[in-house]
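To keep things clear, I will list the structure first and then write my remarks on it.
Values quoted throughout were computed directly from the atomic coordinates according to the rules given, and no laboratory measurement underlies them. Predicted model only: the values in this text are computed from it and were never measured. Cβ: placed from backbone, ideal geometry, glycine included. Neighbour counts: every protein chain shown.
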Amino acid sequence: MNSVMPPHQRAGEAFWTSDDPHLSGNFAPIQSELDVADLQVISGAIPPDLSGAYMRNGPNPQFKPVSYTYPLDGDGMIHAVYFNNGRARYKNRFVRTRALDVERRAGRAVYGGFRQSGPIDPALLKPGDPDFFKNGAFINVLRHGDHLLALSEASPAYELTAELETLGEWTAGTAEPISLGAHNRRHPRTGVLFALEYSVQDPAVCFHEIDPSGRLTRSLPLTLPSASMIHDFVLTDRFIVLLIGPAIFDMAAAASGQSFLQWRPDLGTRSRCCRSMAANRSGWNSRPFSCSTSQMASSAAARSSSTTCATRA
Ligand SMILES: [Fe+2]
């Protein structure tokens, strides 16, 4: 049990505590949004020609959760260290998602989590507010073109300014918000971003091609045997390799108070290989192939070769 104020918390600041080891001690969520103008250099020196920013994102619930499953629940918080002229400054901000706005209005956690999801009291919602799940946009942060994006999975990405003010759901130049995966792969030769959108309700995924300026140029829908959680994929020079583990979404289980995410090892791991547009501008070419991998989450780097996947180059 931890009831001691975390070392990063300011004295006098309202704070909640938790017995959950992922929400206490050194892992307690950070509630303060800070601007530190000139960071102390403890040793060495910051190269004067180093200019840019280092950012990270993570699950950091603002309000004490109704239900919490690490690392699948929380609110996004971006931490950034900016370097310029031999100096460094720090800033952190919550990603102001639509669900977080609902909870800020209520002054408490409203949405459940993967183990205990909605429904939400309609009296707390305005038209257009999320009515079942929170998209916390806490899994990754990515810059593509002039766009800084906070990413979740199977949910719209949120665009932020370089100073971490949330602009809203990103549309990639289209009329609607675009859902992106946590890991999206930029082709090192073309600068095209390949993004994976999967569905938590339908047995389908969609690969998006987003040009170097941040404009959606093409999408490829693919059907799957079941609605599956797909955290990552592999991009080679010529291929996309999709690895589909046996973690599936079960809306009926969620409605009965069970975990929305179900582990079904009897389904095995399946794979699918697509020839990417980077190599073939005339279109996509997709075919399934079997594989014995047990990959579930993040993927290692890969390269194309005659043995990369069971399809012709
Ligand atoms: Fe990951």
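So the values come out like this:
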| read-out | value |
| --- | --- |
| Protection proxy ranking, peptides 51-57, 124-130, average beta carbon neighbours within 10 Å, highest first | 51-57, 124-130 |
| Amide proton proximity set for Asp75, modelled H, under 5 Å, gap of 5+ | Asn60, Gln62 |
| Three-way shape label, region 70-215, alpha-carbon gyration tensor, a/c 1.5 | oblate |
| Nonlocal amide H pairs with Ala88, under 5 Å, H built at 1.01 Å | Leu39 |
| Per-residue ³J(HN,Hα) for region 103-116, Karplus 6.51 cos²θ - 1.76 cosθ + 1.60, θ = phi - 60°, Hz, x for Gly and Pro | 6, 5, 5, 7, x, 6, 5, 10, 8, x, x, 4, 8, 8 |
| Anchor Lys134: lysines whose Cα lies under 21 Å away (excluding residues fewer than 8 positions away in-chain) | Lys64, Lys126 |
| Cα-projected label distance for Leu39 with Asn26, points at 7 Å along beta-carbon direction, nm | 1.8 nm |
| Karplus-derived 3J(HN,Hα), 6.51/-1.76/1.60, for each residue of region 80-92, Hz, glycine and proline x | 9, 10, 9, 10, 6, 6, x, 10, 9, 10, 10, 8, 9 |
